[in-house]
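The values are calculated or read from the model by the stated rules, or taken from the named source; none is laboratory data. Note that the coordinates shown come from a computational prediction; the quantities given were computed from them, not determined experimentally. Don't worry about glycine lacking a Cβ; one is built from the backbone with ideal geometry, like all the others, and counts go over all protein chains shown.
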């Protein structure tokens, strides 16, 4: 080619970006399930699989040989060099909570204590004080399995469920994940449910405690905590509450215990029924199953349903068979994949028509059609018109999932796919989104914020931050803002007054969340690139211009964090430490979020964006995918989790928007 006809470097790069988008779309098409969704690995937390294996052992339903081997493979793949297991699969330090529980699980799966990898784990446990120093959830699980004494934990009284709603410690005021975990815990504690001792349990008692089982003074270890398990140290407030509840537990006569257990069981059975026995998450899915197991003949039918439903949490991934952090993230992934596809110049390409049509069906068919029955009695918010994180069978709608589902429904409307989401259900979505706004102007996850941050002083988990209250979050607020802006256009004149008032309050909330360095902290992914992208998306939707100070400060923050190769990379410990911690390498998901945020903020640094685009293109595999990278999802500040599909559609989305920028 003559010099006169050579393409400019920018033109060549845009041609490469177009090709990369096409390959990425072909990859997404291959990955899509017949239902229209994009299933993906949602593993990472390392306390989930051991709890499930313990349930299988107690109920004498251990997995078959193939599954057991794949589970052992997973445990060994995530084992650290020192023999420990972290709170999540990529923890920078080991956890007594997860190391000791996974040791128990390995032995229950048939791994011999003499296996060098198991021995190394045992040595790590004993070198760090034995499971007497495990976090509270670890101690509780071992109580149920007969590997810890109930005297060694603080009281979890079921009587709390009999308190009047006006009581500040009523469990109905807790974040729904928190209350749904401590609900079966209260039943199991209140009934002192422990599986019958068998030969393996006897052996494990000896292995875990240096042969000291019979001489341990359990009550002295209620607050014993290994350093790695002490992210939330004991507060004076929690110590005082524990002292009162422990003293009450020592009373010989508990006139309300039977009634309290019945009340807890009523809520447990309700949660099972309205979630198709899936439950809101994996921890209460396992604990609810334990409740039905210990009920004996009365709980047999419900136990059968629970054990079958619990299978949906299993995922056989590249590193082994694990128990996921939810029953999947399909609606969430589908909503983002759809928006990424529509951003490309290939949205009308006949090759991808079937992919979009199937995705439309998934979004349409997984909207929640009805409120749960007796919702006030069971401390539930409205559900009708919402979208869940996974699927309709799960049944819990979430603010940002509803917002992203709503946005997708509107994107699909001009295409005439039949049947469409009914207009009345779209109106229900708008009403639901408006009903979720908190007094501070933000949106939480599942419900309105029901208590103050003071309740976090009573957080008993030790390993998680901010679990007691459903706070407002930048991400949830941003998604809701974007959806409401679109709702106002879709239903002109119907919700204008309510939406305008909500958006004014939301903008004020978002501006208050900006940190002095210009960033916004994300709470559901790692971390500042993610939160800043959501914040910029909301402000742009609200009509805030690039000249606005908040936009300029956010853009400057991101530009200062860009690496020489054009990428961005935050280490997982960023969330735990709540400050930017540079990752070893740049990452495609975080680079995509930073690019999208900069473009929303009206960034004029074209060189920075071009370098980022080059990085994304250079990282693409020959099949159109992007390779696995470190975990980028997170919850409660400390536990990373895998959103495997993020690497498939966020780079596509970023390149699509850049190609139009």
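Okay, here's what the table says:
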read-out: For residue 470: the one exception among (1) assigned to a loop (DSSP other than H, G, I, E, B); (2) buried (at least 20 other Cβ atoms within 10 Å of the Cβ); (3) in contact with a strand residue (DSSP E or B) (Cβ under 9 Å, 6 or more places away or on another chain); value: (3)
read-out: Residue 243 vs. criteria assigned to a helix (DSSP H, G or I) and crowded, with 18+ Cβ neighbours inside 10 Å; value: no
read-out: Of all residues making up the range 594-625, the number that are crowded, with 18+ Cβ neighbours inside 10 Å, farther than 24 Å from residue 554 by Cβ and without any contact (Cβ under 8 Å) to a residue 60 or more places away in the chain; value: 1
read-out: Conditions (1) more than 30 Å from residue 472 (Cα to Cα); (2) modelled with pLDDT under 95: number failed by residue 169; value: (1)
read-out: Scan of the range 381-402 for residues that are over 22 Å from residue 39 (Cβ atoms) and in contact (Cβ under 8 Å) with a residue 60 or more places away in the chain, ordered by number; value: 381, 399
read-out: Yes/no for residue 358 being modelled with pLDDT of 95 or more, out of contact with any helix residue (DSSP H, G or I) (no Cβ under 7 Å at 6 or more places or on another chain) and closer than 22 Å to residue 339 by Cβ; value: yes
read-out: Verdict on residue 556 being in the same structural domain as residue 515 (by TED's automatic domain parsing), assigned to a helix (DSSP H, G or I) and either at pLDDT below 95 or in contact with a strand residue (DSSP E or B) (Cβ under 8 Å, 6 or more places away or on another chain) (or both); value: no
read-out: Tally of residues being closer than 19 Å to residue 534 by Cβ and either touching a strand residue (DSSP E or B) at 6+ places or on another chain (Cβ under 8 Å) or part of a loop (DSSP other than H, G, I, E, B) (or both) across the range 398-423; value: 4
read-out: Breaking point among (1) out of contact with any helix residue (DSSP H, G or I) (no Cβ under 6 Å at 6 or more places or on another chain); (2) more than 29 Å from residue 525 (Cα to Cα); (3) not in a helix (DSSP H, G or I), for residue 353; value: (3)
read-out: Options 366, 391, 438; residue that is within 19 Å of residue 174 (Cα to Cα), at pLDDT 95 or above and buried (at least 17 other Cβ atoms within 10 Å of the Cβ); value: 438
read-out: All positions within the range 201-212 that are surrounded by fewer than 16 Cβ atoms within 10 Å (Cβ to Cβ) and modelled with pLDDT of 95 or more; value: 202, 203, 206
read-out: Tally of residues being out of contact with any helix residue (DSSP H, G or I) (no Cβ under 7 Å at 6 or more places or on another chain), within 22 Å of residue 84 (Cα to Cα) and either modelled with pLDDT under 95 or crowded, with 18+ Cβ neighbours inside 10 Å (or both) across the range 213-232; value: 4
read-out: Output for the range 395-427, where each listed residue is at positive phi and modelled with pLDDT of 95 or more; value: 395
read-out: Search result, residues across the range 46-75 that are in a loop (DSSP other than H, G, I, E, B) and either crowded, with 22+ Cβ neighbours inside 10 Å or out of contact with any helix residue (DSSP H, G or I) (no Cβ under 8 Å at 6 or more places or on another chain) (or both); value: 46, 47, 60, 64
read-out: Residue within the range 442-464 that is crowded, with 21+ Cβ neighbours inside 10 Å and over 26 Å from residue 136 (Cβ atoms) present; value: yes
read-out: Per-region count, the range 34-44, residues in contact with a helix residue (DSSP H, G or I) (Cβ under 9 Å, 6 or more places away or on another chain) and either surrounded by fewer than 24 Cβ atoms within 10 Å (Cβ to Cβ) or free of Cβ contacts under 8 Å to residues at least 40 places away in the same chain (or both); value: 5
read-out: Filtered residue count, the range 417-454, keeping only those that are closer than 17 Å to residue 363 by Cβ and within 25 Å of the chain's Cα centre (by Cα); value: 4
read-out: Test set (1) touching a helix residue (DSSP H, G or I) at 6+ places or on another chain (Cβ under 9 Å); (2) modelled with pLDDT of 95 or more - residue 270 fails condition number; value: (1)
read-out: Of the criteria (1) surrounded by fewer than 22 Cβ atoms within 10 Å (Cβ to Cβ); (2) under 21 Å from residue 520 (Cα atoms), which one residue 424 fails; value: (2)
read-out: Options 449, 457, 482: the member that is at pLDDT 95 or above and part of a loop (DSSP other than H, G, I, E, B); value: 449
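A quick yes/no check of all residues on (1) touching a residue at least 12 places away in the same chain (Cβ under 8 Å); (2) closer than 26 Å to residue 133 by Cβ; (3) under 32 Å from the mean Cα position of the chain (by Cα):
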position: 238; (1), (2), (3): yes, yes, yes
position: 252; (1), (2), (3): no, no, no
position: 261; (1), (2), (3): yes, no, yes
position: 266; (1), (2), (3): no, no, yes
position: 272; (1), (2), (3): yes, no, yes
position: 275; (1), (2), (3): yes, no, yes
position: 283; (1), (2), (3): yes, yes, yes
position: 289; (1), (2), (3): yes, no, yes
